[in-house]
Amino acid sequence: MHGHPFHQGAGPPAGGGARPAALWLLSGTGEGPPLATALLARGWRLRVSVVSAAAARAYGPHPRLELQVGPLGGETAIRAQLLAAGVPRFRWVVDGTHPFARRISADLRAACAAAGQPLLRLERPRLTGPEPRRGVVGLEAVAQLAQQPLAGERLLLAIGSRGLAEALRHSRAAAHYARILDNPRSLQLARAAGLADAQLACLRPGRGLAAAGAGALERALCRRWGITAVLCRASGGTTEALWRQVCAELDLRLLLLRRPPDSAAGLCPEALLAKLGHP
C-alpha cells in the first residue's frame, strides 16, 4: 500500500493452505469503527485501511488490529497485497468505503476478482427522514446548484474538500462556508477554491458524531455563521442522518447530492456480521 502503515498489532498472518482468520476492512470513520470493534470482539484478526492519519485516530488500539493509512494505489497494487508471498492473506475483504467513492470500489472489485478473493460490501441505508420544514431538494450533480434559488442564502458546504471549487462556481448563495477534515490537503483545496479561513471549520473525523449530543459542533457552526441552507451528500449512515437532524431542528434548507446510480449493492451491518460469522 502507498502511504504509511500504523501497526497496532502483529497484523494478519501470511496464511497457509486454508484461508486465514483475517479480514481486510476498507472504511472511514462513520460505520468503520463500530464494525471493527464488533469483528475484533468475535476474534478476527483485522487490517483496516483508511485514507488519512486523522481517520486512523477514530480506531482504538487492539493487539489484533493493523491500521494502514494512505491511498491503495490502484487495482494492481491491491492485487499484490491480496496475494502477498503468493498465497491468500484474507478470508474476506470488506468494502466499507463511501458510496460516492466509485473508483476505489471498482479497483477493489477488479483486484479481488483477479485474485480469487471473496469480497463483501457494506451497504449504507438510504435515509428518508427527518424532513426539515423547508424541505429536502435532491440534486443529481453539484452543477445543478446553478438552478437553485439561493439568493440571500448562507450555504454550508459539507461535501468534502474536493467538491468545493465546483460548488462555488455554480452556487448563487450570498455567502459560503465549509466543514472540512483537519488535514493539510483539505485546507489547501478549500483555500484554492476561494474560501477564507474564517469560512472554514477543520474538524476531526467523528468529532460531531461521537461527542455527547451528536452534532453539537455542527449545530454550533450553523448558529455562529447564520447558516440558512446545507449541501451534503446522500451517503446514508451517520453523516447524512446528522445533517437531516440538524436541518430539521434549526429550520434550515437541505440540499442533497443523490447517490451515484452505479453504487454497488451490499449488506447492511447486521447482515454483514452474520455473513462473516466467527473465525
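The values are calculated or read from the model by the stated rules, or taken from the named source; none is laboratory data. Please read these numbers as outputs of a predicted model, since none were measured by experiment. Note that we place each Cβ from the backbone using ideal geometry, even for glycine, and neighbour counts take in every protein chain shown. For the accessible areas, the whole protein counts, side chains as well, though only heavy atoms, and no ligand, DNA or RNA atoms are used. Shrake-Rupley method; radii C 1.70, N 1.55, O 1.52, S 1.80 Å.
Tell me whether the range 101-108 contains one or more residues that are at pLDDT below 90, farther than 30 Å from Thr228 by Cα, within 17 Å of the chain's Cα centre (by Cα) and open to solvent by less than 20 Å² (accessible area, probe 1.4 Å).
The answer is yes, given that some residue of the range 101-108 is at pLDDT below 90, farther than 30 Å from Thr228 by Cα, within 17 Å of the chain's Cα centre (by Cα) and open to solvent by less than 20 Å² (accessible area, probe 1.4 Å).
Quick grid of which residues meet (1) farther than 21 Å from Arg233 by Cβ; (2) over 22 Å from the mean Cα position of the chain (by Cα); (3) at pLDDT 90 or above:
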| residue | (1), (2), (3) |
| --- | --- |
| Gly16 | yes, yes, no |
| Leu39 | yes, no, yes |
| Leu46 | yes, no, yes |
| Ala54 | no, no, no |
| Leu67 | yes, no, yes |
| Val93 | yes, no, yes |
| His98 | no, no, no |
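If you check every pair at least six apart or on different chains, which have Cβ atoms under 7 Å apart with a residue in the range 138-162 that is at positive phi first and a residue that is modelled with pLDDT of 95 or more and in a loop (DSSP other than H, G, I, E, B) second?
Every condition considered, the pairs that remain are Gly152/Ala174.
Arg134 versus (1) in a loop (DSSP other than H, G, I, E, B); (2) modelled with pLDDT of 95 or more; (3) open to solvent by 50 Å² or more (accessible area, probe 1.4 Å): which is the lone unmet condition?
(2)
If you go through the range 62-84 one residue at a time, do you hit one that is of a type outside the set (Val, Ile, Thr), open to solvent by 10 Å² or more (accessible area, probe 1.4 Å) and within 19 Å of Arg124 (Cβ to Cβ)?
no
Please specify each residue of the range 177-215 satisfying the condition of being open to solvent by 40 Å² or more (accessible area, probe 1.4 Å), farther than 18 Å from Leu231 by Cα and modelled with pLDDT under 90.
Asp182, Pro184, Arg185, Arg204, Arg207, Ala210, Ala211, Ala212, Gly213, Ala214
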